[in-house]
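The values are calculated or read from the model by the stated rules, or taken from the named source; none is laboratory data. Predicted model, so just to flag it, every value in this text is computed and none were measured. Positions of Cβ are generated from backbone atoms using ideal geometry, with glycine treated the same way; all protein chains shown enter the neighbour counts. We work out accessible area using only protein heavy atoms, side chains counted, and drop any ligands, DNA or RNA first. Shrake-Rupley method; radii C 1.70, N 1.55, O 1.52, S 1.80 Å.
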Amino acid sequence: MTTSEPAGRGDRAAHYAQLLDHAGRTTVSLRARPGATAGRPWGSGVLIAPGWVLTCAHVLAASDGRRRDTGPDGVLGVAFGGRVVPARPAYDLSRPDPDAGPAARADLALVRLLDPEPEHPCAWLSDQPATLLEDAYIFRGHDQPGPGDGEAHGNGGARGGAAAGRSGGRAGRAAREAPAAPRAPVDPFIAVRFGARDARGLQFGSDVRVTPGASGGPLIDCDRGEVVGIVKGRHQQDHVGLAVPVTALRGLGPEHLVPGAEGLGPDPYHALMSLHDRWHWAGQELGRAAGPTWFDAQHAIMSGRGRLWGVQERLQALDLLARLPAPRDPLVVEAAVGEVLERGDGPGAWSLRTWRDGHGALYQGSDPYTELRAFVHYLRIVAQLTADEARDVPGEEAAAVRGQAARLAEFVQAKAVVLQPQDRRRIGPVRRRPRSVLVEFEPLFYDEGGPELFNWSVSEGYGRGQWLRVDVQESAGGVPFEQAREQVLGRLGGRLLRADGDAGPGARVRLEVAVPEGHWHTAAGRWEVAASTRRTARLRPVGSGRAVILRDQGRREQVDPAWLRRWQGLAAAGELRALRIAPQAGDGTGSGSAEAVWRLLETAGEGALPALCHTVADGFGRDAVGAVLDTGFPAGLWPAGGHGEERDCDARCEEFHRGVRELLQGSGGLVRLPELVRQLRAKAAEAAGEGTHWARDLVLLYDDPEDPIPPLFADRPQLSPR
């Protein structure tokens, strides 16, 4: 049987000769284990990542449906590159998932090579669904070795080139640089005449019958230079075959792991495709590539098409995406694609699992400029979402994720320079996940004795000093503090609700309030804001439903070493302890000297957290908080309505300090303190909150030097450059 083609198809094969050569060298045959008696190959497969072969699940089963005889250790043979290497089945997507019900199962399987030493080429798997095929080929492994064949147990690489020569004229001459191999009984290289997708998969037709042993081999879309399907079977009467789309791999999960096999972890699909994309990018490193790569073949095919987002951009983008963690939820990918394509919140036509899948969904047949804009916008969203996910996570792993997100953002920035200004602005303010809303009161200083006037601003915070100002009230004259506060409260409810929506389902962002000295007694937790966006919405206290913290307006751009050191000490402390500051503090003489307070603070241990029952609006309390801040303490607790110097501490003060001690002893660390204080405020607000009434106006100073408040008012809303 030959693969003779109609007139003109030989020229097409010649154009694709380099691609077909790569496809042939990545096609393998599956057979009995190395050293076993030679027999007919079971079927074919394709190398898709270092050590991994993709095939059909039914190839690993005998004609009666039972698993092939692989011996007690499950070892089979994979033939490619002139050798047969041992391998084991690892994943079977046709296995029923007991938790999924009677859902359709894909006839796909993954085989893992057991010998990690021999390097091998890998095919390129498409990241987008295949629909119509006009220029395509299928490959299969050898039926049997020919005598003296240098590819004795190999794949269809050399023979694929020979087949192209017999059927494609110039393609054959291009592939005959190596010594000619004897004619195989059946060509492993067949041109596809037509192809289209339906409910069963990819239907395709050829000018000759699909030969036995082709199951599990790749279906190559030459127009895109990609593997788009895995050959599943053929019709008995004609030249029609069926292939499983490679996008069916998106269903791969840990439940498909073969018992006893070594897997790819909790998200095998993401891990497998990351290996695939990183291998292809690494193959382009200077000095590494020993010869033309699959990418070179794609580049040759697509050159001259005028695309702004070509194979080089795709290759680098998918490598950068492969270095990121998998999205926390596939719906996040769908939402990002929907935002870019402006199609609303409705589901897309194809299921999306990873960032790679989202990239593939953006090929919409648009003009080159619109296509480039879509990819830049999408990658910008992914970079920001990933950075937001890792922003508060400690440790080297999270730091590495933030670094990879920054690399992706730099790549996006470089590709966006060719966009028109309005488009760069459009994709700039990506919808992000805020962690907090900051209200800042900025004092305007006048002559001594003049009125104290303020401007104010509201910002969304994303952690690590990144802020976006969303509301500003700035005038030359300013307004009194109480008026500024009322202006803020009139808008704050809606702003908090919007931030909650952007943060995710059920989220409640933190409210941070930055005030200057003299206003450290601001009871922001008792502020009442609109509970909904209705024009006549009811007002509710903000502090029982979300964490509320106080920040010092005088701390911002330059982080004092003592401030950072104290923060790190408190964060690392196994247990926090209350450091009571009172006029009797320090030497026990009751002298109440300022020097005694300073000495107490400077000698305090790492887990100490200042607590005051005095008012901090003036007098001793105000001076004490100033000393707390100047000695670097980032956190402290006091009541908004603490007592003045006209009376000594009494039973109410003892109840307050006892409550603070109990709060800190069971806190579990500094990072949990804002939420614990919120819970305490909520209990105190309830009629049943007996024993916690002392916490109704509790103020928590919580000033993170690793997330300083933004610089003073800028000309327009913008992200802080930190």
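Remark: accessible surface ordering of Glu646, Glu602, Glu452 (largest first) is Glu646, Glu602, Glu452, probe radius 1.4 Å. With each label modelled as a point 7 angstrom along the Cα→C-beta vector, the Ala573-Trp598 pair spans 2.2 nm.
Just going by the charge dipole of the range 448-538, with Lys and Arg at +1 and Asp and Glu at -1 on Cβ, which of Val515, Gly450, Leu489 is farthest out on the positive end? Value: Leu489. Rolling a 1.4 Å probe over the protein chains gives Arg678 an accessible area of about 50 Å². All other residues whose Cβ lies under 12 angstrom from that of Arg577 are scored, Lys and Arg at +1 and Asp and Glu at -1, for a net of -1. The gain in end-to-end length when the Ser366 to Glu486 segment is fully stretched comes to 38.2 nm, 0.36 nm per residue minus the alpha carbon separation. More than 19 Å apart: what percent of Cα pairs in the range 393-497 qualify? Distances greater than 19 Å cover 62 percent of the Cα pairs.
A 1.4 Å probe over all protein chains sorts Phe194, Phe633 by accessible area into Phe194, Phe633, starting with the largest. Among the protein heavy atoms of the range 226-315, carbon and sulfur supply 55% of the accessible surface, probe 1.4 Å, non-protein parts ignored.
These residues, Asp704, Asp618, go from largest to smallest accessible area, 1.4 Å probe, as Asp618, Asp704.
Across the options Gln553, Tyr462, Thr533, the greatest Cα extent toward the positive end of the charge dipole of the range 453-562 (unit charges at beta carbon of Lys, Arg, Asp, Glu) belongs to Thr533.
Kirkwood radius and radius of gyration were both taken over the C-alpha atoms of the range 607-648, and their ratio Rg/Rh is 0.97.
Only protein heavy atoms count here; on that basis, with a 1.4 Å probe, His643 has an accessible area of about 10 Å². With R₀ fixed at 41 Å, the C-beta to C-beta distance from Arg672 to Gln312 puts the FRET efficiency at about 0.30.
Its Cα gyration tensor gives the range 431-554 an equivalent ellipsoid; the semi-axes, largest first and in whole Å, are 25, 16, 13. Dipole magnitude for the range 362-480: about 780 debye, using +1 per Lys or Arg Cβ and -1 per Asp or Glu Cβ, origin at the Cα centre.
Placing unit charges on each Cβ (+1 for Lys and Arg, -1 for Asp and Glu) gives the range 255-381 a dipole about its Cα centre, and among Pro259, Phe375, Ala271 the Cα reaching farthest toward its positive end belongs to Phe375. For the range 276-408, the solvent-accessible area with a 1.4 angstrom probe is 45 square angstrom per residue.
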